[in-house]
Amino acid sequence: MNGRILHPAGLRFAAHYGAFYLAFGAFLPYLPVWLETRGLSPELIGIALAGGMIGRTVLAPAGAAWMDGASRRRDAIVGFAWAGLAGFLLVAPFRDAVLLTIVAALAGATFSGQIPLVDAFAAWSSRKEGFAFGPARAVGSATFIIANLSAGALIGQFGGEAALVWMAGGAALTVATAHWLPVGDRQKPAKGTDPVPLRLLITRPFVLALLASALIQSSHAFYYVFSAISWQADGIRPQMVGALWSTGVLAEIVFLTLSGRYLSRFRPAHLMMIAAGAAVLRWTLTAFSPPLAVLFVLQMTHALSFAAAYLGFLRFTSDFAPDRLQASTQAANSALSGGLALAAMSAASGIIYDYAGGAGFALMAIPAAIGGICAYLLLRVRTP
(Lines give C-alpha, C1' and ligand atoms only; values in the text may rest on other atoms or scores of the structure.)
Protein backbone atom coordinates (compact mmCIF):
# COMPACT_ATOMS: atom_id res chain seq x y z
CA MET A 1 0.00 0.00 0.00
CA ASN A 2 2.96 2.26 -0.55
CA GLY A 3 3.09 4.72 -3.42
CA ARG A 4 2.76 8.34 -4.44
CA ILE A 5 0.66 10.61 -2.26
CA LEU A 6 -0.25 13.13 -4.99
CA HIS A 7 -1.95 10.89 -7.52
CA PRO A 8 -5.20 11.64 -9.38
CA ALA A 9 -6.93 8.48 -8.14
CA GLY A 10 -5.53 8.99 -4.65
CA LEU A 11 -6.87 12.55 -4.56
CA ARG A 12 -10.33 11.34 -5.53
CA PHE A 13 -10.35 8.80 -2.73
CA ALA A 14 -8.99 11.43 -0.35
CA ALA A 15 -11.90 13.73 -1.29
CA HIS A 16 -14.42 10.97 -0.75
CA TYR A 17 -12.94 9.92 2.57
CA GLY A 18 -12.95 13.58 3.56
CA ALA A 19 -16.64 14.03 2.74
CA PHE A 20 -17.74 10.79 4.36
CA TYR A 21 -15.88 11.37 7.62
CA LEU A 22 -17.09 14.95 7.75
CA ALA A 23 -20.51 13.39 8.35
CA PHE A 24 -19.25 10.42 10.33
CA GLY A 25 -17.33 12.70 12.68
CA ALA A 26 -20.65 14.05 13.91
CA PHE A 27 -22.56 10.78 13.55
CA LEU A 28 -20.35 8.68 15.78
CA PRO A 29 -20.06 10.85 18.91
CA TYR A 30 -23.17 13.00 18.61
CA LEU A 31 -25.93 10.76 17.30
CA PRO A 32 -26.47 9.54 20.90
CA VAL A 33 -26.61 13.18 22.02
CA TRP A 34 -29.21 13.93 19.34
CA LEU A 35 -31.24 10.88 20.34
CA GLU A 36 -31.08 11.96 23.98
CA THR A 37 -32.30 15.40 22.90
CA ARG A 38 -35.31 13.67 21.31
CA GLY A 39 -36.07 12.01 24.66
CA LEU A 40 -34.66 8.49 24.23
CA SER A 41 -33.48 6.61 27.33
CA PRO A 42 -29.94 5.14 27.58
CA GLU A 43 -31.38 1.69 26.84
CA LEU A 44 -33.15 2.88 23.67
CA ILE A 45 -30.07 4.79 22.55
CA GLY A 46 -28.04 1.60 22.89
CA ILE A 47 -30.70 -0.34 20.97
CA ALA A 48 -30.83 2.28 18.19
CA LEU A 49 -27.08 2.17 17.66
CA ALA A 50 -26.98 -1.61 18.00
CA GLY A 51 -29.79 -1.89 15.46
CA GLY A 52 -27.79 0.15 12.98
CA MET A 53 -24.80 -2.11 13.48
CA ILE A 54 -26.91 -5.24 13.03
CA GLY A 55 -28.40 -3.78 9.86
CA ARG A 56 -24.88 -3.14 8.66
CA THR A 57 -24.14 -6.88 8.97
CA VAL A 58 -26.74 -7.45 6.25
CA LEU A 59 -26.14 -4.42 4.06
CA ALA A 60 -22.34 -4.47 3.96
CA PRO A 61 -22.03 -8.08 2.69
CA ALA A 62 -24.80 -7.41 0.18
CA GLY A 63 -22.93 -4.35 -1.03
CA ALA A 64 -19.68 -6.32 -1.17
CA ALA A 65 -21.31 -9.01 -3.31
CA TRP A 66 -22.55 -6.21 -5.57
CA MET A 67 -19.07 -4.70 -5.82
CA ASP A 68 -17.22 -8.01 -6.25
CA GLY A 69 -19.61 -9.14 -8.98
CA ALA A 70 -19.96 -5.84 -10.87
CA SER A 71 -17.94 -4.53 -13.76
CA ARG A 72 -17.87 -1.06 -12.12
CA ARG A 73 -16.74 -1.07 -8.50
CA ARG A 74 -17.87 2.51 -7.95
CA ASP A 75 -21.56 1.76 -8.49
CA ALA A 76 -22.00 0.08 -5.11
CA ILE A 77 -20.45 3.03 -3.28
CA VAL A 78 -22.64 5.52 -5.14
CA GLY A 79 -25.74 3.52 -4.24
CA PHE A 80 -24.83 3.39 -0.55
CA ALA A 81 -23.97 7.09 -0.48
CA TRP A 82 -27.46 7.97 -1.74
CA ALA A 83 -29.06 5.56 0.74
CA GLY A 84 -27.11 7.14 3.61
CA LEU A 85 -28.29 10.62 2.69
CA ALA A 86 -31.88 9.41 2.45
CA GLY A 87 -31.59 7.86 5.92
CA PHE A 88 -30.59 11.15 7.55
CA LEU A 89 -33.36 13.05 5.78
CA LEU A 90 -36.02 10.50 6.74
CA VAL A 91 -35.10 10.38 10.43
CA ALA A 92 -35.64 14.12 10.99
CA PRO A 93 -39.45 14.24 11.42
CA PHE A 94 -39.82 11.41 13.97
CA ARG A 95 -40.57 12.13 17.64
CA ASP A 96 -42.13 8.91 18.91
CA ALA A 97 -39.45 7.03 20.90
CA VAL A 98 -40.07 3.60 19.39
CA LEU A 99 -40.35 4.83 15.80
CA LEU A 100 -37.32 7.06 16.25
CA THR A 101 -35.29 4.10 17.54
CA ILE A 102 -36.22 2.03 14.48
CA VAL A 103 -35.65 4.74 11.88
CA ALA A 104 -32.38 5.87 13.50
CA ALA A 105 -31.16 2.26 13.35
CA LEU A 106 -32.00 2.11 9.63
CA ALA A 107 -30.23 5.41 8.97
CA GLY A 108 -27.14 4.21 10.79
CA ALA A 109 -27.11 0.93 8.86
CA THR A 110 -27.36 2.55 5.43
CA PHE A 111 -24.79 5.22 6.18
CA SER A 112 -22.12 3.08 7.87
CA GLY A 113 -22.63 0.13 5.50
CA GLN A 114 -20.49 1.83 2.87
CA ILE A 115 -17.31 1.85 5.00
CA PRO A 116 -15.95 -1.62 4.05
CA LEU A 117 -16.78 -1.01 0.39
CA VAL A 118 -14.78 2.21 0.25
CA ASP A 119 -11.88 0.65 2.17
CA ALA A 120 -11.75 -2.38 -0.12
CA PHE A 121 -12.01 -0.25 -3.28
CA ALA A 122 -9.36 2.20 -2.05
CA ALA A 123 -6.96 -0.59 -1.04
CA TRP A 124 -7.43 -2.31 -4.42
CA SER A 125 -6.95 0.95 -6.31
CA SER A 126 -3.84 1.89 -4.31
CA ARG A 127 -2.14 -1.32 -5.46
CA LYS A 128 -3.38 -0.95 -9.04
CA GLU A 129 -2.71 2.77 -9.47
CA GLY A 130 0.33 3.11 -7.21
CA PHE A 131 -0.85 5.73 -4.72
CA ALA A 132 -0.38 5.65 -0.95
CA PHE A 133 -3.47 4.39 0.87
CA GLY A 134 -2.59 5.74 4.34
CA PRO A 135 -2.49 9.47 3.49
CA ALA A 136 -5.72 9.23 1.47
CA ARG A 137 -7.46 7.60 4.42
CA ALA A 138 -5.86 10.11 6.79
CA VAL A 139 -7.75 12.91 5.02
CA GLY A 140 -10.92 11.30 6.32
CA SER A 141 -9.50 11.31 9.82
CA ALA A 142 -8.68 15.03 9.43
CA THR A 143 -12.24 15.92 8.44
CA PHE A 144 -13.46 13.71 11.30
CA ILE A 145 -11.63 16.13 13.62
CA ILE A 146 -13.22 19.13 11.90
CA ALA A 147 -16.64 17.55 12.41
CA ASN A 148 -15.90 16.74 16.06
CA LEU A 149 -14.93 20.30 16.87
CA SER A 150 -17.45 22.11 14.68
CA ALA A 151 -20.45 19.91 15.47
CA GLY A 152 -19.55 20.02 19.17
CA ALA A 153 -19.46 23.81 19.06
CA LEU A 154 -22.79 23.95 17.22
CA ILE A 155 -24.39 21.59 19.73
CA GLY A 156 -23.10 23.75 22.57
CA GLN A 157 -24.62 26.81 20.91
CA PHE A 158 -27.86 25.48 19.42
CA GLY A 159 -28.51 22.14 21.12
CA GLY A 160 -28.50 18.52 19.96
CA GLU A 161 -30.62 19.14 16.84
CA ALA A 162 -27.58 20.77 15.22
CA ALA A 163 -25.95 17.34 15.00
CA LEU A 164 -28.53 16.06 12.50
CA VAL A 165 -28.13 19.13 10.28
CA TRP A 166 -24.37 18.56 10.15
CA MET A 167 -24.75 14.83 9.40
CA ALA A 168 -27.16 15.43 6.54
CA GLY A 169 -24.90 18.08 5.02
CA GLY A 170 -21.90 15.75 5.17
CA ALA A 171 -23.92 12.93 3.64
CA ALA A 172 -24.83 15.19 0.71
CA LEU A 173 -21.12 15.89 0.09
CA THR A 174 -20.48 12.16 0.28
CA VAL A 175 -22.91 11.60 -2.58
CA ALA A 176 -21.12 14.20 -4.70
CA THR A 177 -17.63 12.76 -4.12
CA ALA A 178 -18.86 9.18 -4.66
CA HIS A 179 -19.75 10.10 -8.25
CA TRP A 180 -16.20 11.51 -8.66
CA LEU A 181 -14.43 8.29 -7.64
CA PRO A 182 -12.62 6.23 -10.29
CA VAL A 183 -15.03 3.91 -12.07
CA GLY A 184 -13.08 0.78 -11.21
CA ASP A 185 -13.78 -1.04 -14.48
CA ARG A 186 -12.96 -4.74 -14.67
CA GLN A 187 -14.19 -7.94 -16.23
CA LYS A 188 -16.98 -9.72 -14.41
CA PRO A 189 -16.03 -13.01 -12.75
CA ALA A 190 -16.83 -16.20 -14.59
CA LYS A 191 -20.36 -17.51 -14.27
CA GLY A 192 -20.87 -20.03 -11.54
CA THR A 193 -18.07 -18.62 -9.38
CA ASP A 194 -18.92 -18.60 -5.69
CA PRO A 195 -18.53 -14.95 -4.56
CA VAL A 196 -17.43 -15.96 -1.05
CA PRO A 197 -15.99 -19.50 -1.01
CA LEU A 198 -16.73 -21.30 2.25
CA ARG A 199 -13.18 -22.62 2.38
CA LEU A 200 -11.88 -19.03 2.70
CA LEU A 201 -14.16 -18.21 5.63
CA ILE A 202 -13.39 -21.32 7.69
CA THR A 203 -9.61 -21.33 7.51
CA ARG A 204 -7.92 -20.85 10.86
CA PRO A 205 -5.96 -17.68 9.93
CA PHE A 206 -9.05 -15.89 8.60
CA VAL A 207 -11.18 -16.86 11.60
CA LEU A 208 -8.49 -15.72 14.05
CA ALA A 209 -8.01 -12.44 12.19
CA LEU A 210 -11.78 -11.83 12.18
CA LEU A 211 -12.09 -12.58 15.88
CA ALA A 212 -9.10 -10.42 16.81
CA SER A 213 -10.41 -7.48 14.80
CA ALA A 214 -13.99 -7.87 16.03
CA LEU A 215 -13.10 -8.13 19.71
CA ILE A 216 -10.65 -5.23 19.68
CA GLN A 217 -12.90 -2.94 17.66
CA SER A 218 -16.04 -3.83 19.62
CA SER A 219 -14.23 -2.83 22.82
CA HIS A 220 -14.75 0.75 21.57
CA ALA A 221 -18.55 0.40 21.85
CA PHE A 222 -18.92 2.09 25.24
CA TYR A 223 -16.72 4.93 23.99
CA TYR A 224 -18.73 5.40 20.79
CA VAL A 225 -22.12 5.31 22.49
CA PHE A 226 -21.62 6.95 25.88
CA SER A 227 -18.34 8.88 26.00
CA ALA A 228 -20.00 12.19 25.05
CA ILE A 229 -22.87 11.65 27.49
CA SER A 230 -20.60 10.36 30.27
CA TRP A 231 -18.05 13.15 29.95
CA GLN A 232 -20.73 15.82 29.86
CA ALA A 233 -22.20 14.28 33.01
CA ASP A 234 -18.75 14.71 34.58
CA GLY A 235 -18.92 18.42 33.79
CA ILE A 236 -16.93 18.45 30.55
CA ARG A 237 -18.36 20.93 28.06
CA PRO A 238 -19.48 19.73 24.58
CA GLN A 239 -16.65 21.69 22.99
CA MET A 240 -14.12 19.79 25.12
CA VAL A 241 -15.81 16.50 24.25
CA GLY A 242 -15.22 17.32 20.60
CA ALA A 243 -11.62 18.24 21.40
CA LEU A 244 -11.11 14.89 23.16
CA TRP A 245 -12.43 12.97 20.17
CA SER A 246 -10.32 15.12 17.87
CA THR A 247 -7.18 14.37 19.85
CA GLY A 248 -7.69 10.66 19.30
CA VAL A 249 -8.28 11.10 15.60
CA LEU A 250 -5.28 13.44 15.25
CA ALA A 251 -3.11 10.65 16.65
CA GLU A 252 -4.79 8.32 14.15
CA ILE A 253 -3.90 10.68 11.28
CA VAL A 254 -0.22 10.66 12.24
CA PHE A 255 -0.28 6.86 12.54
CA LEU A 256 -1.91 6.33 9.12
CA THR A 257 0.25 8.91 7.38
CA LEU A 258 3.47 7.31 8.63
CA SER A 259 2.27 3.70 8.41
CA GLY A 260 3.58 3.01 4.92
CA ARG A 261 7.05 4.28 5.76
CA TYR A 262 7.63 2.99 9.28
CA LEU A 263 5.24 0.09 9.83
CA SER A 264 5.73 -1.98 6.67
CA ARG A 265 7.78 -4.57 8.58
CA PHE A 266 5.02 -5.25 11.10
CA ARG A 267 2.89 -8.28 10.37
CA PRO A 268 -0.91 -7.88 10.62
CA ALA A 269 -0.96 -9.92 13.84
CA HIS A 270 1.68 -7.66 15.39
CA LEU A 271 -0.45 -4.59 14.69
CA MET A 272 -3.55 -6.19 16.24
CA MET A 273 -1.62 -7.31 19.32
CA ILE A 274 -0.39 -3.75 19.83
CA ALA A 275 -3.98 -2.51 19.41
CA ALA A 276 -5.27 -4.94 22.02
CA GLY A 277 -2.69 -3.91 24.62
CA ALA A 278 -3.39 -0.23 24.05
CA ALA A 279 -7.16 -0.78 24.36
CA VAL A 280 -6.82 -2.63 27.67
CA LEU A 281 -4.76 0.23 29.10
CA ARG A 282 -7.02 2.91 27.63
CA TRP A 283 -10.36 1.60 28.88
CA THR A 284 -9.08 0.61 32.31
CA LEU A 285 -7.70 4.07 33.04
CA THR A 286 -10.61 5.95 31.44
CA ALA A 287 -13.01 4.15 33.80
CA PHE A 288 -11.53 6.06 36.76
CA SER A 289 -12.80 9.42 35.37
CA PRO A 290 -9.30 10.91 35.31
CA PRO A 291 -8.64 14.66 35.07
CA LEU A 292 -9.20 16.27 31.68
CA ALA A 293 -5.46 16.49 30.97
CA VAL A 294 -5.06 12.75 31.52
CA LEU A 295 -8.07 12.06 29.29
CA PHE A 296 -6.35 13.91 26.47
CA VAL A 297 -3.28 11.71 26.88
CA LEU A 298 -5.40 8.56 26.92
CA GLN A 299 -7.19 9.69 23.78
CA MET A 300 -3.87 9.63 21.94
CA THR A 301 -3.84 5.84 22.29
CA HIS A 302 -6.69 5.76 19.76
CA ALA A 303 -3.90 5.63 17.16
CA LEU A 304 -3.14 2.16 18.50
CA SER A 305 -6.40 0.80 19.91
CA PHE A 306 -8.33 1.62 16.73
CA ALA A 307 -5.99 2.47 13.85
CA ALA A 308 -3.48 -0.35 14.42
CA ALA A 309 -6.29 -2.92 14.48
CA TYR A 310 -7.94 -1.35 11.43
CA LEU A 311 -4.71 -1.34 9.42
CA GLY A 312 -3.78 -4.80 10.66
CA PHE A 313 -6.91 -6.44 9.29
CA LEU A 314 -6.78 -4.41 6.07
CA ARG A 315 -3.25 -5.65 5.47
CA PHE A 316 -4.28 -9.19 6.33
CA THR A 317 -7.09 -9.02 3.77
CA SER A 318 -4.76 -7.57 1.15
CA ASP A 319 -2.34 -10.48 1.65
CA PHE A 320 -4.86 -13.25 2.23
CA ALA A 321 -7.72 -12.70 -0.21
CA PRO A 322 -7.67 -12.70 -4.03
CA ASP A 323 -8.63 -9.50 -5.84
CA ARG A 324 -12.14 -10.65 -6.66
CA LEU A 325 -12.86 -11.20 -2.94
CA GLN A 326 -11.32 -8.05 -1.45
CA ALA A 327 -14.67 -6.37 -0.82
CA SER A 328 -16.31 -9.55 0.47
CA THR A 329 -13.59 -10.31 3.02
CA GLN A 330 -13.55 -6.71 4.19
CA ALA A 331 -17.33 -6.81 4.47
CA ALA A 332 -17.12 -10.01 6.52
CA ASN A 333 -14.92 -8.12 8.95
CA SER A 334 -17.31 -5.18 8.92
CA ALA A 335 -20.28 -7.46 9.54
CA LEU A 336 -18.60 -8.89 12.61
CA SER A 337 -16.42 -6.02 13.88
CA GLY A 338 -18.73 -3.13 13.03
CA GLY A 339 -21.90 -5.21 13.08
CA LEU A 340 -22.67 -8.14 15.34
CA ALA A 341 -19.86 -7.73 17.88
CA LEU A 342 -20.13 -3.95 18.10
CA ALA A 343 -23.93 -4.17 18.21
CA ALA A 344 -23.85 -6.63 21.08
CA MET A 345 -21.39 -4.49 23.01
CA SER A 346 -23.37 -1.32 22.25
CA ALA A 347 -26.60 -2.84 23.52
CA ALA A 348 -24.78 -4.06 26.62
CA SER A 349 -23.26 -0.60 27.04
CA GLY A 350 -26.71 0.93 27.53
CA ILE A 351 -27.35 -1.42 30.45
CA ILE A 352 -23.83 -0.98 31.82
CA TYR A 353 -24.02 2.81 31.71
CA ASP A 354 -27.42 2.82 33.38
CA TYR A 355 -25.96 0.94 36.36
CA ALA A 356 -22.29 1.93 36.45
CA GLY A 357 -22.02 5.25 34.61
CA GLY A 358 -18.56 6.07 33.30
CA ALA A 359 -17.00 3.22 35.28
CA GLY A 360 -18.42 0.93 32.59
CA PHE A 361 -15.40 1.76 30.44
CA ALA A 362 -13.44 -0.81 32.45
CA LEU A 363 -15.50 -3.74 31.15
CA MET A 364 -14.36 -2.92 27.61
CA ALA A 365 -10.88 -4.15 28.52
CA ILE A 366 -12.20 -7.73 28.54
CA PRO A 367 -13.01 -8.14 24.81
CA ALA A 368 -9.84 -6.22 23.95
CA ALA A 369 -7.71 -8.67 25.94
CA ILE A 370 -9.39 -11.69 24.31
CA GLY A 371 -8.81 -10.09 20.91
CA GLY A 372 -5.14 -9.77 21.77
CA ILE A 373 -5.00 -13.51 22.49
CA CYS A 374 -6.55 -14.23 19.08
CA ALA A 375 -3.95 -11.99 17.42
CA TYR A 376 -1.18 -13.85 19.23
CA LEU A 377 -2.56 -17.17 17.99
CA LEU A 378 -2.73 -15.71 14.47
CA LEU A 379 0.96 -14.84 14.74
CA ARG A 380 1.74 -18.51 15.39
CA VAL A 381 -0.14 -19.96 12.43
CA ARG A 382 1.09 -19.95 8.88
CA THR A 383 -0.41 -17.20 6.74
CA PRO A 384 0.38 -15.96 3.23
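How big is the Cα convex hull of segment 46-103 in projection, averaged over all directions, in nm²?
Result: a mean projected hull area of 4.1 nm².
What are the equivalent ellipsoid semi-axes of segment 227-312, built from the alpha-carbon gyration tensor (square roots of five times its eigenvalues), in whole angstrom, biggest first?
On the way: eigenvalues 140, 37, 14 Å².
Here the semi-axes work out to 26, 14, 8 Å.
Return the FRET efficiency for the residue pair ALA359, ASP185: r is the Cβ-Cβ distance, R0 is 51 Å, and the value is rounded to the nearest 0.05.
FRET efficiency, ALA359 to ASP185: 0.45.
Using the Kirkwood formula on the Cα atoms of segment 245-369, what hydrodynamic radius do you get, in angstrom to one decimal?
Result for segment 245-369, one decimal place: 15.7 Å.
With each pseudo-label sitting 7 Å past Cα toward Cβ, what's the VAL297-ALA176 distance in nm, one decimal?
Taking the two extended label points, one gets 4.3 nm.
In whole Hz and in residue order, list the ³J(HN,Hα) couplings for segment 9-14 that follow from phi through the Karplus curve 6.51 cos²θ - 1.76 cosθ + 1.60, θ = phi - 60°; x for Gly and Pro.
So the Karplus estimates, Gly and Pro as x, are 5, x, 5, 5, 5, 4 Hz.
What's the whole-number percent of alpha carbon pairs in segment 42-149 lying beyond 25 angstrom?
I get 31 percent for the Cα pairs in segment 42-149 exceeding 25 Å.
Tell me, what % of the accessible area of the chain is carbon and sulfur with a 1.4 angstrom probe?
Values: 10170 of 14840 Å².
That fraction is 69 percent.
Given a 10 angstrom Cα cut-off, can you work out which residue in GLY152, GLY357, GLY51 is the most mobile in a GNM of the chain?
So, out of GLY152, GLY357, GLY51, the one fluctuating most is GLY357.
Using the Karplus curve 6.51 cos²θ - 1.76 cosθ + 1.60 with θ = phi - 60°, what ³J(HN,Hα) values do you get for each residue of segment 266-280, in whole Hz, with x for Gly and Pro?
Calculated HN-Hα couplings, in order: 7, 6, x, 5, 4, 4, 6, 5, 4, 4, 5, x, 5, 5, 4 Hz.
Per residue of segment 116-132, what does 6.51 cos²θ - 1.76 cosθ + 1.60 with θ = phi - 60° give for ³J(HN,Hα)? Whole Hz please, x for Gly and Pro, Karplus curve as stated.
Values per residue, Gly and Pro as x: x, 5, 5, 4, 5, 5, 5, 5, 4, 5, 5, 6, 6, 9, x, 9, 7 Hz.
Could you put SER264, SER71 in order of accessible surface area, largest first, with the 1.4 Å probe and the full protein assembly present? Present the calculation step by step, with values, prior to reporting the outcome.
On the way: SER264 70, SER71 40 Å².
Sorted descending by solvent-accessible area, the residues read SER264, SER71.
Given Cα pairs under 8 Å that are at least 6 residues apart, what percent is the relative contact order of segment 201-337?
39 percent
Averaging sequence separations of C-alpha pairs under 8 Å and six or more residues apart, then dividing by the length of the chain, give the relative contact order as a whole percent.
30 percent
Using 15 Å as the cut-off for backbone N distance, which residues of segment 30-72 belong to the label zone defined by a point 7 Å from the Cα of GLN157 along Cα→Cβ?
No residue passes the distance filter.
Share of Cα-Cα pairs in the chain beyond 39 Å, in percent?
Details: 6767 of 73536 pairs.
Across the chain, Cα pairs with separations above 39 Å total 9 percent.
The values are calculated or read from the model by the stated rules, or taken from the named source; none is laboratory data. Computed from a predicted model, the values in this text were never measured in an experiment. Cβ sites come from the backbone with ideal geometry, for glycine too, and all protein chains shown count toward neighbours. Surface accessibility is based on the protein's heavy atoms, side chains included, excluding ligands, DNA and RNA. Shrake-Rupley method; radii C 1.70, N 1.55, O 1.52, S 1.80 Å.
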